[in-house]
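Some notes on the structure that comes next.
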Amino acid sequence: MPELPRDRPHFYLQNVGQSEQYTTRQRPRTPAPPARVREEHGRVLEAALNHAIEGAHARAQVRPPDEAASGGFYLEFQLPADSAQFVQNLENRPKGIELVSVRQTDENTPAYATVFIPFRAASHFQRILEEYRTQLTPRSERPSHEALVNRIDSIALAAIRSLFTDDENLLPPQNAQTWWEIWLRSGFVEQFQAVAGALRLTVVEGQILDFPEREVFLVYSDLETLGTLFARTDALAEIRLARDTPASFLEMANIEQAEWVRDLFGRVVAPNENAVAVCILDSGITRTHSLLSVALAERDVHTYDPTWGTGDSTVWQGHGTAMGGIVLYGDLQQVLIAHGPVPIVHRLESVKMLDPVGAQHEPKLYGFVTSECISRAEVTAPERPRVICMAVTSHLDVRQGKPSSWSSAIDKIC
């Protein structure tokens, strides 16, 4: 077989190796379970478990009788720091007992496992604790289920916070509206949608992540309402903070977007007539949008050429109107999801300096056009303090940093 040519010297890494001590592939030895006073530990866990089951039956009263009877509840188990790998032993799929979420800040902190249990299997852990207290294994004569029960520090009825698997420090206040990722147990989409609809939650229907055992919805809610949702359905497995909420707004239908706009418009506090203005020199601004007109008076919309009109142009893809939104609101996502007043402390002015059909000005006219556009705003409101914003650049092949008649004109205007 002929040897291939070695004509790719940049593919060869030389003198980059580093020797290291051999590491065994054997797993570290499983730590022994914590030592417990058997009778005392069993009694404490039994009391906590029975109390949790009573609370679960009381919570189920908010559901229709047939749904409550066929449903279940969630328990939260706390395990010591070195026992997180044993959470799988809490699951029993043949009985419908499902480990839905695990959270642990780091390897040195306790682990919290949330387990869903059908009411028909409510006695499962009661039996385990009873056998732990009263029975010994035939061979070792150790307490039954000792490896598991000795690793359980406490048992409690789970709350909505039990399903939060992000950093606990990121958990928002109880009544703060925010976007959530709601991770559902397999086969519970319809139940979730029915309860979410009854609670009037905002659910993004067009963006559903489908995993083998989980389906993920984006939901806008506060934590308190999610707690109500949690009490009325067996659908939830985890909740996390949504990471990409702008996409949620962009994917909404026009009707949904209009509802958000109306909500924000009702909270906007319009700027004072004499407030500082940001004068945008661009493709024009279409001021008919309510979120723009609140700070852009009709007399403050100008154009360089009267034949162009003052509205934005599709040729420039609405650039001027978008600039107006950024100037007024910055990150629009944040004000949309907020609930308090949104005071606007500055006004808008618009001067259309770009030809709506895309034609370019003569290069020597750029400075003159800029000066004329600023004059339009100054003549209309000569006493108003203003900032000039021109997010427009030249396509001319000019060496970066080299002075031009346009830049000289801007210097003079300043």
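Overview of values
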| item | result |
| --- | --- |
| Relative packing of peptides 87-99, 124-136 - highest average C-beta neighbours within 10 Å first | 124-136, 87-99 |
| Cα shape, region 59-123, gyration tensor, a/c 1.5 rule | prolate |
| Ranked by how many other beta carbons lie within 10 Å on average, peptides 110-121, 186-197 from highest | 110-121, 186-197 |
| Within region 229-328, GluC sites (Glu not before Pro) in DSSP loop having at most 16 other beta-carbon neighbours inside 10 Å | 251, 273 |
| Cut-off under 5 Å, modelled amide H: who pairs with residue 154 long-range | 78 |
| Option label - Cα extents along the principal axes in Å computed here, alternatives (i) 52, 47, 43; (ii) 62, 49, 37; (iii) 98, 76, 40 | (iii) |
| Taking the chain and dividing mean pair separation by its residue count, relative contact order in percent (alpha carbons under 8 Å, at least six apart) | 13 |
| Amide H within-cut-off set for residue 185, under 5 Å, with H built and near neighbours excluded | 236, 237 |
| Among 356, 80, 31, residue whose mean-square fluctuation peaks in a GNM of the chain (springs only between Cα atoms under 10 Å) | 31 |
| Three-way shape call for region 148-302 based on the alpha-carbon gyration tensor, with the a/c threshold at 1.5 | prolate |
| DSSP-loop GluC sites (Glu not before Pro) across region 341-390, with at most 16 other Cβ within 10 angstrom | 383 |
| Rounded if a/c under 1.5, otherwise prolate or oblate - region 112-205, Cα gyration tensor axes | prolate |
| Ordering of 215-224, 280-289 by packing [mean C-beta count within 10 Å, highest first] | 280-289, 215-224 |
| Loop-located trypsin sites (Lys or Arg not before Pro) in region 195-242 whose Cβ has at most 11 other Cβ within 10 Å (DSSP) | 200 |
| Placed amide H near residue 178: partners under 5 Å, 5+ positions off or other chain | 221, 222 |
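Every number in this text was worked out from the coordinates using simple rules, so none of it is lab data. Quick caveat: nothing in here was measured; it's all calculated off a predicted structure. Cβ atoms come from the backbone with ideal geometry, glycine included; neighbour counts cover every protein chain shown.
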